[in-house]
Amino acid sequence: MSSLILAPGLVYYPDYLDRAAQERLLQSLRAITRAAPLFAPCMPRTGKPFSVRMTNCGRLGWVSDIDGYRYQPTHPETGEPWPAMPEQARQAWEHLSGYPHPADACLINFYAPEARMGLHQDKDEEEFGAPVVSLSLGDTALFRYGGIERKDPTRSIRLKSGDAIVFGGPARLIHHGIDRLIPGHSDLLPQGGRLNLTLRKVEKPLYSIGREIGPTSDAVS
Ligand code: MD6
Ligand code: FE
């Protein structure tokens, strides 16, 4: 499997999922959205709707409404617990995260052809020691990434159906967003559009295996 280091901590895996794997994951996502329908989140304070629709799977899900951004164990409209993460998503986390605990959240973003996502940081988690692992399905997206400061220079790459990207270490808190979709590169979604999964470890683990840097690990190394 090939990978490309885009910046320290930012690793791109083109064609991580082959077509058959993309189709299997899409089937799992269809079952998830039947149980936990896509909802239309809105911005805290202003209430302005996102152009992206979302749902989640896994123990915790990310939601955004007038009160703020947060993780919660239930769907905001049905009140039901989020469906379990599909096996392929758990495998991608195990394979790509380099993190010794399972992810506890998987956000599923759906982009209609005109949808976009403004430049942001993923910082609603407690555990920044774990990376964010992202999988793309459907139409290609123009993905922009910059630095820790909002004003840092940015670059963009095209994320295709089946691509994975991992934000970890010094890249964990960089700014990023989706400028727009580029239609016509994939027929995975018959109506067009794009699905993006982001897997995260939200809560600090209850135990760790002593890989953290600092006086303790120095003393035993
Ligand atoms: C998207 N992705 O690809 C939006 N966040 O649709 C993200 O916001 C993202 O791809 C953190 C890490 C990786 C990502
Ligand atoms: Fe993000």
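Considering segment 29-50, the residues that are part of a loop (DSSP other than H, G, I, E, B) and free of Cβ contacts under 8 Å to residues at least 24 places away in the same chain include one that is surrounded by the most Cβ atoms within 10 Å (Cβ to Cβ), namely M43. In segment 121-129 there is at least one residue matching the filter, namely being under 11 Å from K201 (Cα atoms), within 12 Å of ligand 2 (Cβ to nearest atom) and in a loop (DSSP other than H, G, I, E, B).
Here are some conditions: (1) surrounded by 14 or more Cβ atoms within 10 Å (Cβ to Cβ); (2) among the hydrophobic types (A, V, I, L, M, F, W, C); (3) more than 19 Å from A31 (Cβ to Cβ). M85 meets all but one. Which one does it not meet? Condition (3) is where M85 drops out. None of L26, L4, L10 is within 29 Å of G147 (Cβ to Cβ) and in contact (Cβ under 8 Å) with a residue 24 or more places away in the chain except L10. If you go through segment 130-145 and keep only what is crowded, with 24+ Cβ neighbours inside 10 Å and free of Cβ contacts under 8 Å to residues at least 60 places away in the same chain, you end up with G138, D139, A141. Among the residues in segment 59-66, are any within 16 Å of ligand 2 (Cβ to nearest atom), assigned to a strand (DSSP E or B), modelled with pLDDT of 95 or more and in contact with a Pro (Cβ under 7 Å, 6 or more places away or on another chain)? Within segment 59-66, one or more residues are within 16 Å of ligand 2 (Cβ to nearest atom), assigned to a strand (DSSP E or B), modelled with pLDDT of 95 or more and in contact with a Pro (Cβ under 7 Å, 6 or more places away or on another chain). Within segment 110-158, the set of residues being closer than 18 Å to I5 by Cβ and among the acidic types (D, E) comprises just one member, D152.
Is at least one residue of segment 64-84 in contact with a strand residue (DSSP E or B) (Cβ under 8 Å, 6 or more places away or on another chain) and under 19 Å from Y13 (Cα atoms)? No - not one qualifying residue is present in segment 64-84. The residues on offer are Y71, Y16, Y12, and the sole one that is closer than 24 Å to D163 by Cα and part of a strand (DSSP E or B) is Y12. Criterion first (surrounded by 13 or more Cβ atoms within 10 Å (Cβ to Cβ) and in a strand (DSSP E or B)) does L181 satisfy it? So L181 passes the test.
Filtering segment 146-164 to residues that are out of contact with any helix residue (DSSP H, G or I) (no Cβ under 9 Å at 6 or more places or on another chain) and buried (at least 20 other Cβ atoms within 10 Å of the Cβ) leaves L159, D163. For segment 84-104, the count of residues that are part of a loop (DSSP other than H, G, I, E, B) and within 16 Å of ligand 2 (Cβ to nearest atom) is at least one.
Residue count for segment 142-178 satisfying the condition of being assigned to a loop (DSSP other than H, G, I, E, B), among the polar types (S, T, N, Q) and within 13 Å of ligand 1 (Cβ to nearest atom): 1.
Within segment 100-112, the set of residues being surrounded by fewer than 20 Cβ atoms within 10 Å (Cβ to Cβ) and within 14 Å of ligand 1 (Cβ to nearest atom) comprises F110, A112. Looking at the structure I just gave you, is A115 in a loop (DSSP other than H, G, I, E, B) and either more than 14 Å from ligand 1 (Cβ to nearest atom) or among the aliphatic types (A, V, I, L, M) (or both)? When the stated conditions are applied, A115 passes them.
The values are calculated or read from the model by the stated rules, or taken from the named source; none is laboratory data. None of the values given here were measured: they were computed from a predicted structure. So basically every Cβ, Gly included, is an ideal-geometry build from the backbone, and we count neighbours across all protein chains shown.
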